[in-house]
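What follows is a set of notes on a single structure, which appears directly below.
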Amino acid sequence: MKIRMIHHKGLPLAMVLAVAAVLTLAACGGSSGGSTGGGAPATTPAGSGGDTVAIADFAFSPQTLVVKAGTTVTWINEDGSPHTVTSTEGPGTGASTTDLFDSGSLAQGETFAFRFDAAGTYYYECTLHASTAAMHAEVVVQ
């Protein structure tokens, strides 16, 4: 997509840039990712090719990832702070961790991958920030 900037005398440059930004978002589908609307957590449907979870702004994104059995999911820490990807027995901040998978501490730019072979719902958290609700998420394997 090619964007052509038009400067109009009398309009502040900030206004011109704001309009250009809105037009760019509209051309890209109008969504910046994140939430699916109405406060629901972002979900990536199975077969969409989305097998990566970003760790950014002290949150996992998407919060719910739906994949097919046999998929390897990769988490990447995009935060400046370290995080973990550790399996838990259930959702939420009160769940205990399990031995299924544990990335250990991931520094910025580091990744962790795990292959999900069996159908089911797999919960996980960042053990370093387990009191933060957005640091809990799930992988649903179909």
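Values quoted throughout were computed directly from the atomic coordinates according to the rules given, and no laboratory measurement underlies them. Model, not experiment: these values are computed from the prediction. Don't worry about glycine lacking a Cβ; one is built from the backbone with ideal geometry, like all the others, and counts go over all protein chains shown.
One line per residue, one yes/no per condition, for (1) loosely packed, with under 14 Cβ neighbours inside 10 Å; (2) free of Cβ contacts under 8 Å to residues at least 24 places away in the same chain; (3) aliphatic (A, V, I, L, M); (4) not in a strand (DSSP E or B):
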position: 90; (1), (2), (3), (4): yes, no, no, yes
position: 94; (1), (2), (3), (4): yes, yes, no, yes
position: 104; (1), (2), (3), (4): yes, yes, no, yes
position: 113; (1), (2), (3), (4): no, no, yes, no
position: 121; (1), (2), (3), (4): yes, yes, no, no
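Would you mention how many residues in the range 62-88 are surrounded by 13 or more Cβ atoms within 10 Å (Cβ to Cβ) and touching a residue at least 60 places away in the same chain (Cβ under 8 Å)?
9
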